[in-house]
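Q: If you scroll down you'll find the structure; I have some questions about it.
Here, each number is a calculation from the coordinates, and none is a lab measurement. In this text the structure is predicted, and so the values were computed from the model without any measurement. Every residue, glycine among them, receives a Cβ derived from its backbone with ideal geometry; neighbour counts consider all protein chains shown.
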Amino acid sequence: MKRMQIKELAQSVAVYGGISDNGMRWIADNFSRNELKMFALILSNELRDRKVIASFAGNISKTDKNRIISLFPDKNVEFKRDDENLGAGLKLEYGDFVLDCSVSGIVERVLGNIKENL
């Protein structure tokens, strides 16, 4: 199979949330080792790019959850409570992008700037 076809297949699997046992058998039987590696890598990237992790400390209201979900249409938003590491605030991870608006993230950035300027 060509790379473009493998990419389309991986995108379809990511969009529809999985693949049947027969589909997996077909892939295993018909793909070469290199094609399997390429499929796994592309699928991993597709799944990562379709997932948003919203870490928060304390409680988050349903209104705020809906607001976050509306920022990422067609993405799977996963909410994760992380009181120990964040202190307070919100941290959004989307693919390679991280928006850290938590107290601990702000403190780390301030301390980093102080260290750089000393």
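Q: Under a GNM of the chain (C-alpha, springs under 10 Å), which listed residue has the highest mean-square fluctuation: Gly23, Gly58, Gly89?
A: Gly23
Q: Once you charge only the Cβ atoms, +1 for Lys and Arg and -1 for Asp and Glu, what is the size of the charge dipole of segment 51-117 about its Cα centre, to the nearest 20 debye?
A: Working: 10 positive and 11 negative charges, 50 e Å.
The dipole of segment 51-117 has a size of about 240 debye.
Q: Express the Stokes-Einstein translational diffusion coefficient of segment 3-49 in µm² s⁻¹, to the nearest whole number, given a Kirkwood radius over alpha-carbon pairs, 20 °C and a viscosity of 1.002 mPa s. Walk me through the numbers on the way to the answer.
A: Details: Rh = 10.6 Å.
The estimated diffusion coefficient comes to 202 µm²/s.
Q: Select from Asn22, Asn76, Asn45 the residue whose mean-square fluctuation is largest in a Gaussian network model of the chain (Cα-Cα springs shorter than 10 Å).
A: Its mean-square fluctuation being the largest, the pick is Asn22.
Q: For the chain, what percent of Cα pairs sit more than 22 Å apart?
A: 52 percent
Q: Separate question: How big is the Rg/Rh ratio for segment 51-117, C-alpha atoms only, Rh by Kirkwood, two decimals?
A: Expressed as Rg/Rh, it is 1.04.
Q: Would you mind telling me which residue in Glu35, Glu84, Glu46 has the biggest mean-square fluctuation in a Gaussian network model of the chain, where springs connect alpha carbons within a distance under 10 angstrom?
A: Glu84
Q: Which whole-number percent is the relative contact order of segment 51-117 (Cα, under 8 Å, 6+ apart)?
A: 37 percent
Q: If you place +1 on the Cβ of every Lys and Arg and -1 on the Cβ of every Asp and Glu, how big does the dipole about the Cα centre of the chain come out, in debye to the nearest 20?
A: Values: 18 positive and 17 negative charges, 51 e Å.
Dipole about the Cα centre, nearest 20: 240 debye.
Q: Would you calculate a helix-derived [θ] at 222 nm for the chain, using -39,500 (n - 2.57) for each DSSP H run of n ≥ 4 and dividing by the full residue count, to the nearest 500?
A: Helices in the chain give a 222 nm mean residue ellipticity of -18500 deg cm²/dmol.
Q: Output the DSSP H helices from the chain with an along-axis C-alpha extent of no less than 18 Å and a mean Kyte-Doolittle hydropathy no less than -1.0. Intermediate values should be presented prior to the final figure.
A: Values: long enough: 3-16 (20 Å, 0.09); 33-49 (24 Å, -0.29); 103-117 (21 Å, 0.09).
TM-like helix candidates: 3-16, 33-49, 103-117.
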